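One structure is given below, encoded as structure tokens.
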Amino acid sequence: MVQASGSLRASAEVHSLASVRKGIAPGDASDGASLVSLKNIGFTYGGLTRAIDDISIELLPGETLSVVGPSGCGKSTLLRIVAGLRQPTDGTVVRHDFGRDRHDCSMVFQEDTLLPWLTVEDNVALYYRFNGARGVAVTAHVAELLKMVKLTDYARFYPYQLSGGMRRRVAVLTAIAPQPHLLLLDEPFSALDEPTRIAIHTECHMLLKRLDITAVLVTHDLAEAISLSDRVIILSRPPAVIVEELPIPFGSSRNMYDLRDNPEFLELYGRLWRKLKEQIT
Amino acid sequence: MRTGGQSLGQLSRPDRGVGDAIPWPVLRFALQLLLATVVLLGWEYLPRIEVISSNIRFLDPFFISSPSAISRSLIGLLTGDNDNKITLWPYLWVTLSATILGSSIGLALGALCGLIFSNNQKLSEVVRPFLILANSVPRVAIIPIFVVMLGPTVAASVVSVIAVVFFLGFFNAFEGGISIKESLVENAKLLGAGPIDIMRSIRLPMVLTWTFAAVPNAISFGLIVAVTTELLAGIPGIGSLILTATANIQVALTFALIVALSVVGLVLYWGAVALKSRLIHWKN
């Protein structure tokens with residue numbers, strides 16, 4: 001695990017304050033056990049359409065898991081179930097060892113969720129606004145995050161003044177600002193062009209590893225799944241079950257630009273594509 | 001396609017017309033000035049040609065006066081130097097105060113109701129048909145009711161303006177409220193926002209944004225309704241001055257009042273646009 005910088009360590013006090021206010025149960029997420037267990041999850045839309053059928057996943061602390069599958073197989077629904085925004089029709093979600101020092105769970109949505117009337121820095125500090133924390137520590141933490149993705153000069157800008165890539169960066173920062181145990185990414189980069197997407201993959205991967213955040217990424221893009229993940233799961237057509245689970249062996253420090261020339265990357269891509277093709281044809 | 005005798009440099013530039021020599025904003029202003037001059041000169045001199053004015057009632061100076069007579073009448077209105085010994089200002093104050101007060105109250109009430117109904121789907125489903133029905137009632141038809149209730153007073157003007165502007169504010173605010181994406185609220189919830197945070201940080205700003213966007217239209221409608229109420233009820237505003245001038249067949253004075261009203265409308269509109277831009281400066 002990469003150690004947090006001085007400023008980020010300082011910001012841990014901010015998280016701690018906010019967490020105590022929210023009454024998050026104390027715990028320890030560093031014992032190697034799974035962080036979240038999905039046990040036999042099933043979901044039926046409106047009592048009629050079976051979207052998800054019996055999915056079980058153990059999410060390990062610090063890992064990034066990608067979920068890939070055909071359209072309509074319930075990937076986004078699965079993410080919302082993990083977030084607690086939806087209740088599964090069947091099965092249970094168990095969250096283990098969520099410590100009190102950090103926020104539980106954040107999400108980066110496919111849609112633009114920046115508040116257009118707030119500046120970039122105020123959007124990034126949204127968690128603190130909602131939890132009544134403010135002051136120098138919050139400001140310093142937000143400045144540090146903006147610096148990590150080279151957005152310092154845009155701190156006082158409004159969302160409409162940013163490019164699509166910048167807005168996505170701010171959305172990611174807003175979600176990771178409270179240094180959540182769990183970050184859920186719902187096709188967050190699908191609307192971006194390839195060069196911007198690879199640049200954001202680099203930053204996003206760096207942030208996840210540096211801040212030790214466990215993440216689940218839902219995506220249609222196999223290259224994105226391989227680039228960002230430690231593990232990729234492929235879901236079947238609905239009702240979805242897991243048809244393939246593949247570890248990604250590139251480690252925590254990887255160069256997103258060089259990765260795509262890597263023969264191993266291309267082989268993984270081919271394996272995933274063949275499996276996915278079975279589900280979409 | 002390249003043609004004989006032309007260089008590539010020439011081909012890469014579009015053909016330059018005469019208008020390209022003058023910057024478009026300057027040319028546009030010159031054309032607008034020319035158009036206004038032609039209309040005013042035509043209005044001034046065409047009715048002086050006997051054969052035209054006697055055959056075309058629309059160009060009879062008895063009915064349409066002339067720009068020179070109207071400007072004299074307007075100056076007289078502004079300075080009080082006229083046969084009726086009246087100045088525009090007290091009448092203008094009545095019309096303006098009814099417009100601004102009525103529009104502000106109407107928008108505020110509309111925004112409040114829009115916020116409440118957009119936040120409660122069942123409530124909005126219950127009352128929506130009634131609101132659409134109420135909005136479809138021609139407002140001019142109910143102005144006399146307000147006049148009977150409140151008398152020919154400024155209060156009747158204000159209430160009439162509120163009755164019109166309320167719906168403008170309400171429907172804008174309501175649309176703003178229901179346009180809030182679910183993901184915006186879900187994101188806030190995951191970041192720890194409670195119902196009050198969501199109302200204060202998401203719903204209220206969104207509803208106000210849409211309401212502020214309606215300010216220029218609200219002011220324009222407000223002015224129309226205020227003048228209409230004065231015309232119908234004889235409330236001492238610009239509307240009643242127009243009524244008096246028309247009754248006395250003072251065509252130049254009537255036109256002078258219309259010009260004054262147009263200028264006031266334009267200034268109010270510009271003011272409202274500036275206010276809107278300031279209030280929602282973050283909206284491109």
Problem set entry | Top positive-direction residue, dipole computed over the stretch B:89-283 with Cβ charges, set B:109, B:211, B:178 | B:178
Seminar exercise, completed: Out of A:162, A:65, A:79, a Gaussian network model of chain A with alpha-carbon springs under 10 Å gives the largest mean-square fluctuation to A:162
Seminar exercise, completed: Quick tally, 1.4 Å probe accessible area for B:206, A:256, sorted with the most first, runs B:206, A:256
Problem set entry | Net charge of neighbours whose Cβ lies under 14 Å from the Cβ of residue B:103, counting Lys and Arg as +1 and Asp and Glu as -1 | +2
Exercise. If you count the DSSP beta bridges with both ends in the protein assembly as shown, what percent of them are antiparallel, to the nearest 5?
Worked result: 50
Exercise. Can you tell which of B:223, B:193, B:96 lies farthest toward the positive end of the dipole of the stretch B:89-283, using +1 and -1 charges on the Cβ of basic and acidic side chains (Lys, Arg; Asp, Glu)?
Worked result: B:193
Seminar exercise, completed: Taking a ≥ b ≥ c as the square roots of the eigenvalues of the Cα gyration tensor, with a/c under 1.5 meaning rounded and otherwise prolate when a/b exceeds b/c and oblate if not, the protein assembly as shown is prolate
Problem set entry | Where B:167, B:255 fall by accessible area, highest first, once all protein chains stay in place (1.4 Å) | B:255, B:167
Exercise. Across the stretch A:38-49, in residue order, what do the Karplus-derived ³J(HN,Hα) couplings come to in whole Hz, using 6.51 cos²θ - 1.76 cosθ + 1.60 with θ = phi - 60° and x for Gly and Pro?
Worked result: 9, 10, 6, 6, x, 9, 10, 6, x, x, 10, 9
Seminar exercise, completed: Nearest-0.05 FRET efficiency for residue B:204 and residue B:78 at R0 = 45 Å, using Cβ-Cβ distance, is 0.55
Exercise. Using the Karplus equation 6.51 cos²θ - 1.76 cosθ + 1.60 (θ = phi - 60°), what ³J(HN,Hα) coupling, rounded to whole Hz, does each residue of the stretch A:101-108 give in order, writing x for Gly and Pro?
Worked result: 7, 9, 6, 5, 8, 10, 9, 10
Seminar exercise, completed: Heavy-atom accessible surface buried between B and A, both sides counted, 1.4 angstrom probe, nearest 100 Å², is 2100
Seminar exercise, completed: Out of A:104, A:261, A:90, a Gaussian network model of chain A with alpha-carbon springs under 10 Å gives the largest mean-square fluctuation to A:261
Problem set entry | Residue with peak Gaussian network fluctuation, chain A [Cα springs, cutoff 10 Å], from A:69, A:165, A:251 | A:251
For this session: Return, ordered by residue number, the residues of the stretch A:215-230 whose backbone nitrogen is under 18 Å from a label point located 7 Å along Cα→Cβ of residue A:264.
Result: A:223-230
Seminar exercise, completed: Put B:125, A:111 in order of accessible area, largest first, probe 1.4 Å, and you get B:125, A:111
Seminar exercise, completed: Rounded to whole Å², per residue accessible area for the protein assembly as shown with a 1.4 Å probe reads 49
Exercise. What's the extension gain from residue B:281 to residue B:55 if we count 0.36 nm per residue and subtract their Cα-Cα distance?
Worked result: 75.9 nm
Exercise. How many Cβ atoms of partner chains, on average, are near each residue of B:178-191 if near means within 10 Å of its Cβ?
Worked result: 6
For this session: Please state, to two decimals, what the Cα-based radius of gyration of chain A comes to when divided by 2.2 N^0.38 Å (N = residues).
Result: 0.99
For this session: Quick one: which residues, 5+ away or cross-chain, put their amide H under 5 Å from the amide H of residue A:67? H built at 1.01 Å from N.
Result: A:217, A:218, A:219, A:233
For this session: For chain B, return all DSSP H helices satisfying: extent of Cα atoms along own axis at least 20 Å; mean Kyte-Doolittle hydropathy at least -1.0.
Result: B:24-45, B:89-118, B:121-136, B:154-178, B:215-233, B:251-279
For this session: On a C-alpha basis, how far is the centre of the stretch A:215-281 from the centre of the stretch B:154-171 in Å? Whole number, if you could?
Result: 60
Exercise. How much accessible surface does residue A:153 have with a 1.4 Å probe, in Å² rounded to 10?
Worked result: 130
Exercise. How far apart, in nm, are two points set 7 Å out from the Cα along the Cα-to-Cβ line at residue A:190 and at residue A:257?
Worked result: 2.9
Problem set entry | chain B shape via C-alpha gyration tensor axes, a/c threshold 1.5 | oblate
Problem set entry | Accessible surface of the protein assembly as shown [probe 1.4 Å, protein heavy atoms]: carbon and sulfur percent | 62
For this session: Could you pull out every residue, at least 5 positions away or on a different chain, whose amide H is within less than 5 Å of the one on residue A:240? Hs are placed 1.01 Å off N in the peptide plane, and Pro or chain starts have none.
Result: A:52, A:53
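The values are calculated or read from the model by the stated rules, or taken from the named source; none is laboratory data. The structure displayed is predicted, hence computed values, not measured ones. Counting neighbours? That spans all protein chains shown, and the Cβs are built from the backbone with ideal geometry, glycine included. Surface accessibility is based on the protein's heavy atoms, side chains included, excluding ligands, DNA and RNA. Shrake-Rupley method; radii C 1.70, N 1.55, O 1.52, S 1.80 Å.
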